[in-house]
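In what follows, a single structure is set out as structure tokens and then discussed.
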Amino acid sequence: MKKESNLIIKEDLNFLLNRYQKLYSNKQSQIKDSLDRCTRALHCREVDRVPIWQITQTSFYPKHELYEDIYKNLIASLVKCVLSMEHDTDYVPYLDPFEGVTIMAEAFGCKVKYPKDNDPAVATPIIANPEEVYNLKKPGLDNPVYQRVFETLNYWQDKTGGIIPLGNTDPQTPLDIASLIWKTDDFLMACYTNKKEVHYLMDLLTDSFIEFYSAQHDIIKNSAYPVHTFPLVNSNDGIAVSDDQAVLMTPELYREFGIPSLEKISEAFGGLYFHCCGDWGPFMDDVLAIKGLRAINGHLSPKELRPEYVKKITSKDIGLFLGISHHEIGWDNPSWSPDERMDLYDKYYIPATIANSGGKGIVLVGYIGYSGYFNTFSESAAVTDSRGGSILDKLVNLSIEEKNSNFEYIKSLINRQLNNIEEGIGYKDKNYLKFSQEK
């Protein structure tokens, strides 16, 4: 048993399920309102206010053990639900059975390693020469790797009685999968020198993606949509995907090899929710033109999704789920201290985003990245960001009262800027406009 502030959490399935049901019963109306609010915002429809996701999570286990133990992985996901429901938030609980980005690469034959306290990684790509793509076979649904995922979904449903919406495992795009099974540098070179082989591979991976994720949806009885880096929505109108390798390509190459796969996936699943780490501005027009594109997830920072992109996206009725964190990729080798970065969100990134959107089509998540807050339960516990670096700071182990205060503070920043818009002021703070670019 471990304690943080006024909250007690046990590493026990029955305890967590009982706690979840009690919290859900007490907050059912609020959760319903949040679900509707987030759905309407991501669909660029009118909302009563901009939704704000604040999430709290912890882990009782080293990270690598989550991928090795189906029960521990479920416990970690349940704890996230319970901790997040304890404080003010527009978060709507669902189970996210993340098993790493390597699942489909492993199904195609890549050996996967499980580093201590980190995510799974491909040990060795299986394509050394372009002609070897023709030796690849589409994995059958009886593939042991797929069966492991199906077992997880069935196990989680059985143990929770299906009372919590359940999502599919992390959907990496065919482009991301290709860069795992084929050394990235060689794959990118082949996009110039061996276009026929690359097109063959992308078609094979796209067909495999659609079959694998359709099978997962068939298994899940109480489905969470769209899952993976997005809030829960109350409509089955698309699948969420990560396309992080896109930023390594020229717009021309991405238009040839990346966009066609996304269009096929969008058609197969009735729409698309798109995530990309990094600055994907150079090929934004191509992404925004994808039929069925619903919303985009990105991180507000100097090197990722900048506030000046917001108006262009929301003007096309495409929603945005935006991270506000000083620990994500956009702050690598920063010129500013953590306290200065937090000040930038308060004084520039949040106001400028609201000014560029008018509050339309926006859902915010923060602070501390997409994972929100961390409860360590111990002064000596290690807390890491998405890249494995230590981030112990003033936003770790906050009390429920402090998290509620942050929620209200972010609301006040939004309301202040919306009032400025009504008065025709917009965002004109010249002292902070310079922060749209890194020093």
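The values are calculated or read from the model by the stated rules, or taken from the named source; none is laboratory data. None of these values were measured; they are calculated from a predicted model. When we count neighbours, we look across all protein chains shown, and the Cβ atoms used for this are built from the backbone with ideal geometry, even at glycine.
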* To do: For residues that are of a type in the set (Asp, Glu) and within 30 Å of Pro231 (Cβ to Cβ), scanning just the range 92-137, find the one that is modelled with the highest pLDDT.
  => Glu106
* Only one of Phe283, Phe230 that is assigned to a helix (DSSP H, G or I) and at pLDDT below 95 -> Phe283
* **the range 235-260, subset in contact with a strand residue (DSSP E or B) (Cβ under 9 Å, 6 or more places away or on another chain) and hydroxyl-bearing (Ser, Thr, Tyr), residue farthest from Leu42 (Cα to Cα)** => Ser242
* If you go through the range 284-319, how many residues are aromatic (Phe, Trp, Tyr) and farther than 19 Å from Tyr349 by Cα? -> 0
* Asked: at pLDDT 95 or above and among the acidic types (Asp, Glu) - does that describe any residue in the range 188-202?
  -> yes
* Structure fact -> Of those in the range 247-274 that are of a type in the set (Ser, Thr, Tyr) and out of contact with any Leu (no Cβ under 7 Å at 6 or more places or on another chain), the residue nearest to Ala295 (Cα to Cα) is Tyr273
* Structure fact -> From the option list Glu267, Glu252, Glu256, single residue qualifying as part of a helix (DSSP H, G or I), under 25 Å from Tyr225 (Cα atoms) and either more than 16 Å from the chain's Cα centre (by Cα) or modelled with pLDDT under 95 (or both) is Glu267
* How many residues does the range 158-178 contain that are buried (at least 24 other Cβ atoms within 10 Å of the Cβ) and of a type in the set (Gly, Ala, Ser)? -> 2
* Structure fact -> Picking from Cys38, Cys44, Cys81, the residue that is crowded, with 18+ Cβ neighbours inside 10 Å and more than 25 Å from Gly162 (Cβ to Cβ) would be Cys44
* **Some residue of the range 105-127 being buried (at least 21 other Cβ atoms within 10 Å of the Cβ), among the charged types (D, E, K, R), more than 30 Å from Ser29 (Cα to Cα) and over 20 Å from the mean Cα position of the chain (by Cα)** => yes
* Asked: With the range 59-171 as the region, which helices (runs of 4 or more DSSP H) entirely inside it contain at least 2 residues that are in contact with a Pro (Cβ under 7 Å, 6 or more places away or on another chain)?
  -> 63-68, 70-85, 144-160
